[in-house]
Amino acid sequence: ETGVTQSPTHLIKTRGQQVTLRCSSQSGHNTVSWYQQALGQGPQFIFQYYREEENGRGNFPPRFSGLQFPNYSSELNVNALELDDSALYLCASSHLGGDSPLHFGNGTRLTVT
Amino acid sequence: ILNVEQSPQSLHVQEGDSTNFTCSFPSSNFYALHWYRWETAKSPEALFVMTLNGDEKKKGRISATLNTKEGYSYLYIKGSQPEDSATYLCAFVAGGSYIPTFGRGTSLIVHP
């Protein structure tokens, strides 16, 4: 059973740039969720994808966008980066439904300067 | 905005102590409650998913209880070991959205 992998591990970008983060889901899972964890906060829900369609979105602006591919891997894109976007971005795969545990990757640490 | 609170924010205990912490969540529209353990330099790992009021779950020395009517869950660790040092996160799932909303976590440090 292959776990959830995220790339890259660390990333440094300049304000105003764009970034793409990648996630490979655990085999057998059809749902992927992205969370942002800023310093001192709990993970904040960005959005969830199920079978390539957005299935829910948190309180994040439209410059945060995502994709899910037929193999259930996923991308998180952030345009026009701001300093406050500096955070740990976590990807989690699961089966659809709130009673299915999330299986997390190790995260991507994004620093915006 | 769903309010999920965890207390205490951090906890230092000695090896062998038993400890517990709390997750508070809305008492209406409950669907599920998740607990995760997050060790440094690792990814969060699911401990329990609880769905029924009064439910109790156990995994080794760790157990959890659930009270959906009053909106809280307790996580207990019996005989803490240094390897239990981690941040423990809870996540509330409301009916309709089915999206886990996380608290800020409780950081546990177990001293040898």
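Taken together, the values in this text are just the output of simple stated rules run on the coordinates, not laboratory data. Being a predicted model, the structure only gives us computed values, none of them experimental. Methodologically, a virtual Cβ is constructed for each residue, glycine included, from the backbone with ideal geometry; neighbour enumeration extends over all protein chains shown.
Details
- Looking only at region A:94-113, and only at residues there that are buried (at least 20 other Cβ atoms within 10 Å of the Cβ) and either within 13 Å of A:Pro8 (Cβ to Cβ) or touching a Phe, Trp or Tyr at 6+ places or on another chain (Cβ under 7 Å) (or both), the one that is farthest from the other protein chains (Cβ to nearest Cβ): A:Leu110
- Test: residue in region A:9-24 that is in contact (Cβ under 8 Å) with a residue 40 or more places away in the chain and in contact with a Cys (Cβ under 8 Å, 6 or more places away or on another chain): yes
- Among the residues of region A:85-113, those that are among the aliphatic types (A, V, I, L, M), under 16 Å from A:Phe45 (Cβ atoms) and more than 10 Å from the chain's Cα centre (by Cα) comprise A:Ala87, A:Leu96, A:Leu102.
- Flag if A:Asn30 is under 19 Å from B:Val49 (Cα atoms), surrounded by fewer than 18 Cβ atoms within 10 Å (Cβ to Cβ) and either touching a residue at least 24 places away in the same chain (Cβ under 8 Å) or touching a Lys or Arg at 6+ places or on another chain (Cβ under 7 Å) (or both): yes
- A:Gln36 vs. criteria under 11 Å from the mean Cα position of the chain (by Cα) and either surrounded by fewer than 20 Cβ atoms within 10 Å (Cβ to Cβ) or outside any loop (DSSP other than H, G, I, E, B) (or both): yes
- Number of positions in region B:1-22 that are within 14 Å of chain A (Cβ to nearest Cβ), touching a strand residue (DSSP E or B) at 6+ places or on another chain (Cβ under 7 Å) and outside any strand (DSSP E or B): 3
- Counting only strands (runs of 3 or more DSSP E) that sit wholly inside region B:23-112, those with at least 2 residues that are closer than 23 Å to A:Gly107 by Cβ are B:30-38, B:45-50, B:86-94, B:100-102, B:106-111.
- Scanning region B:54-96 for residues that are within 14 Å of chain A (Cβ to nearest Cβ) and without any contact (Cβ under 8 Å) to a residue 60 or more places away in the chain turns up B:Asp55, B:Lys57, B:Lys59, B:Ala64, B:Leu66, B:Thr68, B:Ala86, B:Thr87.
- For A:Gln41, the conditions (1) closer than 24 Å to B:Leu33 by Cβ; (2) assigned to a loop (DSSP other than H, G, I, E, B); (3) within 12 Å of the chain's Cα centre (by Cα) are fulfilled apart from (3).
- A count restricted to region A:32-54 and to residues that are under 21 Å from A:Val112 (Cβ atoms) and facing another protein chain (nearest Cβ under 10 Å) stands at 9.
- Of all residues making up region B:1-18, the number that are touching a residue at least 24 places away in the same chain (Cβ under 8 Å) and within 16 Å of the chain's Cα centre (by Cα): 9
- If the condition is being surrounded by fewer than 17 Cβ atoms within 10 Å (Cβ to Cβ) and among the small types (Gly, Ala, Ser), then region B:11-54 contributes B:Gly16, B:Ser18, B:Ser27, B:Ser28, B:Ala41, B:Gly54.
- Neighbours by Cβ (under 6 Å, 6+ apart or cross-chain): first from region B:19-35, touching a residue at least 24 places away in the same chain (Cβ under 8 Å); second buried (at least 19 other Cβ atoms within 10 Å of the Cβ) and among the β-branched types (Val, Ile, Thr): B:Thr19/B:Ile77; B:Phe21/B:Thr106; B:Phe25/B:Val4; B:Phe30/B:Thr68; B:Tyr31/B:Val93; B:Ala32/B:Val49; B:Ala32/B:Val93; B:His34/B:Val49
- Residues within region A:72-113 that are in contact (Cβ under 8 Å) with a residue 12 or more places away in the chain, in a loop (DSSP other than H, G, I, E, B), at negative phi and not charged (D, E, K, R), tallied: 11
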